[in-house]
Amino acid sequence: MSHNSNGVESAAQVVEVFSLNGSHRKTAYALEQNVARMFAEAGIERIGFLTLTVGDWKSCADAGFCCCHEGAAHFVQVFDPDEASRRINSLMTGLLRDLFPRAVIVTERHKSGAIHFHLIVECREDIRTGFDFAAFKAKYGYKKSASPSLQRLWEVLLDRLPGYGFGRAELTPIFKTGEVVSRYVSKYVEKNLFARRPEDKGKKLVRYMGWHGSHMRPNDFCWATPAACEWRTRVRSIAAIHGITEREQAREAWGARWAFRLTGVISDLINSAHLLTHFEFVRAARNWSEAVMLFPDWWRDMEDRYRDEAFGYEVEPIDFSVLDEVQKFWDARRAE
C-alpha cells in the first residue's frame, strides 16, 4: 500500500506563526518536568515513545484521486483540530488507558498541516531490555530483538488503532537518558507553535493521562525573574483597589483569564501615566479594571459583607494595608 496524503491545500490558507510567550514557556517547562518525573518513577526500561498519525485508509475515489488501485490504497490525514481532538480523546478512553498506566500526549502539525501526536507512555513491563537500537536505526531486523511485552503492544496497536481513526503508529523503547528525552519532548511545544494555524487557537498542546491530577501544571508555579515580579506587583495593586487579595477572588471577578485581562489594563495605565494626575490615575485604574470585569457585581457584593457584619455574622476582614505599598510603587513608576 502507498502512504499518500491529501495535504495539498489552497495556498490562500496562511499559517499563523506564534512566538513563545510566558504561558507557552511555562507549558514547555511543566512538560519537561513531568516527563522527567515519569522516568524517575517508572525507570527507563518501562518508558516508550509512541507516534500516532491521524487519518483513514480510503479508496482512490473516496480519497479524491483518479488512480485505479484496489481497496483502501490511500491514507487521508486529518487537518481539523476538532476532529483530531475527538479521535485522541476517544482513543485514550477506549484503548490507551488499558495499555498504559500513564502518558503525556503532545500535539504537533506537520509542515503540510496534518496533525499527529507524540506520546511518552509508561508501560507495565520492561520493553527496553534486549532491543537492538542499531537495527532499528537501520530499519532492518529490529523486530526480532523486541521483548514479548513490546511485541504484544505492537500487535494490539496495529489491530485496534484503525478503529479509532489512526494510521501509522510507532512504539519504541527509549535509547537515550530520560533527561535528554524530557528536553526533546518539551521542544515539541515550540515546534508546534510555529506550525500553528488560526483554528488551533484554544486547542490543547499537551494532554496528561493517568496522572490523576498529580502532574505539574503551568499555573502551579511562577517565574522569579525581575519582570515577572514587577508584573505581579502591578496586578496586586489593581486587585487591591477592588478589595481583592486572593487568586480565587480575582478569578471570580475577572474570570478564568483574569491575568490576561489585567495585563491589558496595566499596559494602558503605563502608557497613560505621564498624562494623568494622581487622582486621575487612581480613578482610571479603578474604572479600566472594572470595565473588563466579567462579574462587576463582585464589588457591589461588598454591601453584603457590611450587612453580615451588622447582623453579627463573622466576616473575614479584607487587608487594605497593601494599598500603601502599592501607592508607593505606582508613584515611583509615574516619576520615571
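The values are calculated or read from the model by the stated rules, or taken from the named source; none is laboratory data. Everything quoted here is computed from the prediction, not taken from an experiment. Neighbour counts run over all protein chains shown; Cβ positions are idealised from the backbone, glycine included.
A few comments on the model shown:
- Hey, residue 120 crowded, with 20+ Cβ neighbours inside 10 Å and either part of a loop (DSSP other than H, G, I, E, B) or small (Gly, Ala, Ser) (or both) or not: no
- Filter result for residue 99 (surrounded by fewer than 20 Cβ atoms within 10 Å (Cβ to Cβ), without any contact (Cβ under 8 Å) to a residue 60 or more places away in the chain and closer than 15 Å to residue 169 by Cα): yes
- Residue among 245, 233 that is surrounded by fewer than 19 Cβ atoms within 10 Å (Cβ to Cβ), outside the structural domain of residue 38 (by TED's automatic domain parsing), in a helix (DSSP H, G or I) and among the β-branched types (Val, Ile, Thr): 233
Residues checked against (1) on the phi > 0 side of the Ramachandran plot; (2) modelled with pLDDT of 95 or more; (3) touching a Phe, Trp or Tyr at 6+ places or on another chain (Cβ under 8 Å):
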| site | (1), (2), (3) |
| --- | --- |
| 67 | no, no, no |
| 77 | no, no, no |
| 90 | no, yes, yes |
| 139 | yes, no, no |
| 145 | no, no, yes |
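- Residues located in the range 164-204, provided they are hydroxyl-bearing (Ser, Thr, Tyr), in contact (Cβ under 8 Å) with a residue 40 or more places away in the chain and over 11 Å from residue 108 (Cα atoms): 164, 172, 177, 182, 186
- Unique residue being part of a helix (DSSP H, G or I), at pLDDT below 90 and among the hydrophobic types (A, V, I, L, M, F, W, C) when the list is 84, 61, 40, 72: 61
- Residue 128 meets all of the listed conditions (1) of a type in the set (D, E, K, R); (2) surrounded by fewer than 20 Cβ atoms within 10 Å (Cβ to Cβ); (3) over 30 Å from residue 201 (Cα atoms) but one, namely (2).
- Yes/no for residue 283 being closer than 29 Å to residue 27 by Cα, without any contact (Cβ under 8 Å) to a residue 12 or more places away in the chain and surrounded by fewer than 17 Cβ atoms within 10 Å (Cβ to Cβ): no
- Residues being loosely packed, with under 12 Cβ neighbours inside 10 Å and under 21 Å from residue 185 (Cβ atoms) - total across the range 200-218: 3
- Of the residues screened, residue 275 is one that is outside the structural domain of residue 97 (by TED's automatic domain parsing) and either loosely packed, with under 12 Cβ neighbours inside 10 Å or within 30 Å of residue 150 (Cβ to Cβ) (or both).
- Among the residues of the range 171-193, those that are surrounded by 14 or more Cβ atoms within 10 Å (Cβ to Cβ) and part of a loop (DSSP other than H, G, I, E, B) comprise 174, 175.
- Condition met for residue 138 (of a type outside the set (S, T, N, Q), more than 24 Å from residue 39 (Cβ to Cβ) and either touching a residue at least 12 places away in the same chain (Cβ under 8 Å) or surrounded by fewer than 19 Cβ atoms within 10 Å (Cβ to Cβ) (or both)): yes
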